[in-house]
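Here the structure is laid out as structure tokens; the discussion comes afterwards.
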Amino acid sequence: MRIYLDTLGCRLNEAESTAWGRAFLAAGQQIVARPAQADTCILNSCAVTGEAGRKSRQRLRRLHRLNPQCRIVVTGCYATLAGDALATFPGVELVLDNRQKEHLVEEVLRRWGDQTQTVVLPTAIEPASHRTRAFVKVQDGCNNHCTYCIVRLLRGEERSRPLAEVIAEVNSLAAAGYREVVLTGVHLGAYGHDLGYGLYDLVTVLLAETVIPRLRLSSIEPWDLPEHFFDLWGLSGGRLLPHLHMPLQSGCDRTLRRMGRHTTRESFAALVAAARAVIPGLTVTTDLIVGFPGETETDFAVSLAFVEEMAFGHIHIFPYSPREGTPASILPGQVPGPVKRQRLKAAQQIMMASKTAHLTRFLGETWPVLWEERHREAPGWYCWRGLTDNYLRVQALLPAYVDLHNQVLPARLLTSDGNVITAEPLLSLTDDNAALPPARQKYSLYLSIAEQPLSRGTTPETAHG
């Protein structure tokens, strides 16, 4: 089969789709880059908001329009929420809800493939070609009862992957050339609660028993973290990356109580302060919902003031979207659409100011960057893009013959447009390129620099003489 994988929504969906791709390859199938090339299109859908559901429907129609002969398989949260309706869409031949998606590869092969045996993730992973970071699903489900959230209803109870299974996958990814692994889950902070251990244990074991150069945590709720959790960063030798995404949702205690969140302004601020005190250069990002039922103008003002005070590196902002079956959908005081849009715009202004200030504080410093992709900027020149370990988006304009892909190299952070930092990779000369023209000498790669220790936040002068 020629299979096209399409994904909407969270990092967990991305991790699942990537794992399916590896399993299909191991089973002798082909993964293609465009729907028009496929005989089977698989959509991992999202339903976290009404807009996400709309995009899932839209994506199904687009897949069929681009390839009317292709069979479509739809799974994920929207398939769980509205599976009967999706089964009637043109081209859709199979709908699998979240309870069935763990067996998606086997089911697709059973129906249309040339083998019937159970397929498991391969012990060896294909070498990384275009990809540089891998998302690893370590946990699924949620036992919290946030009143606005439908994901708990669609994903089910908390359940964790065994330590040995995660270690094996991370080591396989490292052997395949991946430089960074991102641990993902619906409620990552609850990892291992069903197995008798916790996230602290998982990170400790991964640092000890894998060789992945960069380990990043995805979204962590601001509770359930054990005492001394942030000490892990100091023990990791720079491998545990200085970036934390901790969803706040509101900066108003009154709203947080109606949301069913297990945090307050005071406890959240204390948690962030504790993390910043021990993790140098930390970037803290968050989520924010505006227009939650019962949110008054005063509540909103209080929330915005707290968000501004926290100086986040980035904020994902969502207008409240009622989801049928959740307690918040029937709360009194539903906020009108025009008011939600006004609050969204005001929150976005705070977000941009906060993000700009955060990026600005690192200008002039040297940070390690994982260079991921490039696009043609002008004849003979490409714009490379990458991520610092503390999750700053970076770009650099370089001649076409320079290949930075999947390299972790230091770069001096020069200027910022409020979203992306323009940087200068610190590339040194080698004896082998002495005969090159000066322009080529300037940008020739001295890759051993990636293996040398680099103190975060140093200036180029102190880091490289």
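No value in this document is a laboratory result; all are computed from the given coordinates. These figures come from a predicted structure and were not determined experimentally. Positions of Cβ are generated from backbone atoms using ideal geometry, with glycine treated the same way; all protein chains shown enter the neighbour counts.
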Subject >> Using distinct alpha-carbon pairs, which all enter the 1/r mean, Kirkwood radius of segment 248-364 in Å >> reply: 14.9
Original post:
If we count other beta carbons within 10 Å of each Cβ, what is the order of Leu43, Leu109, fewest first?
Top reply: Leu109, Leu43
**OP:** Going by C-beta contacts inside 10 Å, put Leu398, Leu426 in order with the fewest on the left.
**Re:** Leu426, Leu398
**OP:** Treat every Asp and Glu Cβ in the chain as -1 and every Lys and Arg Cβ as +1, leave all other atoms uncharged, and give the resulting dipole magnitude about the Cα centre to the nearest 20 debye.
**Re:** 1400
**OP:** Could you tell me the distance between the Cα centroids of segment 61-89 and segment 163-238, to the nearest Å?
**Re:** 34
**OP:** For segment 148-232, state which trypsin sites (Lys or Arg not before Pro) are in a DSSP loop and have at most 15 other beta carbons lying within 10 Å of their beta carbon.
**Re:** none
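Too long at a 23 Å Cα-Cα cut-off: which of Lys55/Lys355; Lys137/Lys345; Lys55/Lys101? Don't skip to the answer; put the middle values down first.
Working: Lys55/Lys355 27 Å; Lys137/Lys345 34 Å; Lys55/Lys101 20 Å.
Beyond 23 Å between Cα atoms: Lys55/Lys355; Lys137/Lys345.
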Original post:
From the residues Leu215, Leu363, Ala168, which one has its Cα farthest along the dipole of the chain in the positive direction, the dipole being from +1 and -1 charges on Cβ of Lys/Arg and Asp/Glu about the Cα centre?
Top reply: Leu363
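Please report Ser329, Ser416 as a ranked list, fewest other C-beta atoms within 10 angstrom at the top and most at the bottom. Kindly include the intermediate steps, with their values, before the conclusion.
On the way: Ser329 16, Ser416 21.
By the 10 Å Cβ count, ascending, the order reads Ser329, Ser416.
For n ≥ 4 DSSP H runs only, could you compute -39500 (n - 2.57) per run for the chain, divide by its residues and tell me the 222 nm figure to the nearest 500?
Dividing the helical sum by the residues of the chain leaves -10000 deg cm²/dmol.
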Subject >> Residues with amide H under 5 Å from that of Thr283, placed H, sequence gap 5 or more >> reply: His243, Leu244
Subject >> Cα-derived Rg to Rh of segment 174-280, Kirkwood definition >> reply: 1.00
Subject >> Average Cα contact separation per residue, the chain, under 8 Å, 6 or more apart, as relative contact order % >> reply: 10
Original post:
If you plug each phi of segment 197-214 into the Karplus form 6.51 cos²θ - 1.76 cosθ + 1.60 with θ = phi - 60°, what whole-Hz ³J(HN,Hα) values come out, in order, with x for Gly and Pro?
Top reply: 9, x, 5, 4, 5, 4, 5, 4, 5, 5, 5, 7, 10, 10, 10, 4, x, 10
Original post:
For segment 288-416, taking Cα atoms only, what is the radius of gyration to one decimal and the Dmax to the nearest whole Å?
Top reply: 20.2, 61
Original post:
Which Cys in the chain stand alone, with every other cysteine's Cβ at 4.7 Å or more from theirs?
Top reply: Cys10, Cys41, Cys46, Cys70, Cys77, Cys142, Cys252, Cys383
**OP:** Mind ranking 3-13, 378-388 by how tightly packed they are, going by the mean number of other C-beta atoms within 10 angstrom, highest first?
**Re:** 3-13, 378-388
**OP:** Using amide H atoms built 1.01 Å from N in the peptide plane, name the residues 5+ places from Glu377, or on other chains, whose amide H lies under 5 Å from its own.
**Re:** Tyr382, Cys383
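For the chain, what proportion of DSSP beta bridges, expressed in % and rounded to the nearest 5, is antiparallel?
40
May I ask you to work out the translational diffusion coefficient for segment 133-360 at 25 °C, viscosity 0.890 mPa s, via Stokes-Einstein with Rh from the Kirkwood sum over Cα pairs, reported in whole µm²/s?
Details: Rh = 18.6 Å.
Answer from the Stokes-Einstein relation: 132 µm²/s.
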Subject >> Debye-sum result for segment 1-110 in log10 I(q)/I(0), which assumes one identical scatterer on each alpha carbon, at q = 0.12, 0.19 Å⁻¹ >> reply: -0.34, -0.91
**OP:** Over the residues of the chain, compute the C-alpha Rg and express it relative to 2.2 N^0.38 Å.
**Re:** 1.02
Original post:
What size of dipole, in debye to the nearest 20, comes out for segment 2-112 about its Cα centre when the only charges are +1 on Lys and Arg C-beta atoms and -1 on Asp and Glu C-beta atoms?
Top reply: 380
